[in-house]
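The values are calculated or read from the model by the stated rules, or taken from the named source; none is laboratory data. None of these values were measured; they are calculated from a predicted model. Here the Cβ positions follow ideal geometry from the backbone for every residue, glycine too, while neighbour counts run over all protein chains shown. Ligands, DNA and RNA are stripped out before the accessible areas are found, and what is left, the full protein with its side chains, is counted by its heavy atoms. Shrake-Rupley method; radii C 1.70, N 1.55, O 1.52, S 1.80 Å.
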Amino acid sequence: VTGLASLLSGLAADTLGRKRLILLSSFICTVAVLLMGAASGPNAFAMVMLGRTFNGIGTGLALQVSQCFVAEIAPKHIRGLLGASFELFINIGILMGYIGGWALSGLPVGTAWRLMIGLGAVPPAVVLLVMPCMPESPRFLLGAGRADEAERVLYRIYAPAEAAAALQEMQEEAAKHAGAGSGAGLLTTARLVLCAPAPRTRQLAHAALMTAFLQQASGVEAATYYTPEVMEAAGVEDEASLQLATIAMGAVKVSVIGVAAAVVDRCGRKPLLVASNAGIAAAQLLLSASFASGGMLWAALAGQCLFMATFSAGVGPCTWLLIPESFPLAARGVGVGIATFINRMAAGGIALVFSSLIRTLTPAGTFLFFAMCAAGAAAYTSACVVETKGLSLEEIHSEQPRSNGAAARAPAAAADPARTVLVRSE
């Protein structure tokens, strides 16, 4: 459901706008969570399943449109920080869920699960309250023919020199793809990018879709699946200790993502992705060796910890950052939707066949297979992914882009950080 919603959300984002779709997705998630929490009586199961379905729809919409909105509104010299924060806040939410489960574990079951689910309505409700104060994406406004509104938004959120330069770049990009994008069908817009005559546009789009798939091909579902078993093998057996250990791992993961978000605008997306995939390959080899040896505990613990750290340092945050940067304005909504759909289908597919892989290849062979996938992902990223740090979204798609080094230095000279404000009341 989440994958299908993200696939169709591209058209909705190009029709309704990024801001309205974020509000819609937050409303759907809020209602869905409250419906699940209120489930009771003979129809309780049906209410929970209906709530889960609507929550999947809302989540799918939010996964796609949030990436577009952040990439399109962020200044280029901090776009990496803000884009990587997408993954950071997902994991903060997961960590809050772990903490909530631990804190509510002493309550009666009938009360605890309702409170646990009900707390999930708080984040989307906060978005519903805050989002009306945010401006619409200026790139969406320009693509929709609302140039005056786009100009007002740019001068609201950027310093004047930055706003003028960004507006000129956006107008040139919009003119280049005039007649495509907004209002076009899903297949038409997808063909615009995947079969684009411009080699750079094709390369960027293909790399984004492959990166979305490779994030899941690294075996994150498998590593997560075996976390409780590794913990128990390490002597963490009672439920309370397992919960605390899970909270600790979640906190470490959030911390690593935070560090990655802080350095991605300096280090670049590509080096972090390559190093992260290489680390994931090493981690999966350790897990494979653990199973092959009949239970080498240190290898299992080291592999599990290394996987969580290296995944969080690159593949986790940088995938979602790279995807919206890799599509031109005319096809960004649909392109990001397709990439998110591929990512979600890959996650579901791997979870579906994981048990069969374990039976066919054995656990050691399965993790060896994932190690090979991660090594292949590192090689593919090194060869095919285009570095985007320090470039505006329009410069990324230029056939003769400025060098990343020159682009990264430009904002420091041209922009006044004190005047670059993401949200300012009118």
Does Thr201 fit the bill of being among the β-branched types (Val, Ile, Thr), surrounded by fewer than 19 Cβ atoms within 10 Å (Cβ to Cβ), at pLDDT below 90 and part of a helix (DSSP H, G or I)?
no
Filter result (part of a helix (DSSP H, G or I), among the aliphatic types (A, V, I, L, M) and open to solvent by less than 30 Å² (accessible area, probe 1.4 Å)) within region 29-45
Ala32, Val33, Met36, Ala44
Val193 fails exactly one of the following numbered conditions: (1) at pLDDT below 70; (2) surrounded by fewer than 20 Cβ atoms within 10 Å (Cβ to Cβ); (3) at negative phi. What is the number of that condition?
(2)
Can you tell me which residues in region 108-117 are open to solvent by 60 Å² or more (accessible area, probe 1.4 Å) and modelled with pLDDT of 85 or more?
Pro108, Trp113, Arg114, Leu115, Met116
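Specify which of the listed residues (Gly101, Gly120, Gly93) is free of Cβ contacts under 8 Å to residues at least 60 places away in the same chain and either open to solvent by less than 30 Å² (accessible area, probe 1.4 Å) or assigned to a helix (DSSP H, G or I) (or both).
Gly93
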Considering region 235-284 alone, what residues qualify as being assigned to a helix (DSSP H, G or I), open to solvent by less than 50 Å² (accessible area, probe 1.4 Å) and among the β-branched types (Val, Ile, Thr)?
Thr246, Ile247, Val254, Val256, Ile257, Val263, Val264, Val274, Ile280
Expected single match for touching a helix residue (DSSP H, G or I) at 6+ places or on another chain (Cβ under 7 Å) and within 26 Å of Leu7 (Cβ to Cβ) among Phe327, Phe369 is Phe327
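When region 46-75 is examined, which residues are found to be of a type in the set (D, E, K, R) and crowded, with 21+ Cβ neighbours inside 10 Å?
Across region 46-75, the qualifying residue is only Glu72.
For region 246-272, what are the residues that are in contact with a Lys or Arg (Cβ under 7 Å, 6 or more places away or on another chain) and at negative phi? Show your work before the answer.
As a first pass, look at region 246-272 and keep what is in contact with a Lys or Arg (Cβ under 7 Å, 6 or more places away or on another chain): 265, 268-269.
Asp265, Arg269 - these are the residues of region 246-272 that are in contact with a Lys or Arg (Cβ under 7 Å, 6 or more places away or on another chain) and at negative phi.
Assess whether Ala347 counts as being part of a helix (DSSP H, G or I), under 28 Å from His397 (Cα atoms) and open to solvent by less than 10 Å² (accessible area, probe 1.4 Å).
no
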Looking only at region 291-339, how many residues end up being polar (S, T, N, Q), without any contact (Cβ under 8 Å) to a residue 40 or more places away in the chain and assigned to a helix (DSSP H, G or I)?
1
Would you confirm whether any residue within region 214-229 is assigned to a helix (DSSP H, G or I), at pLDDT 90 or above and closer than 30 Å to Trp102 by Cβ?
yes
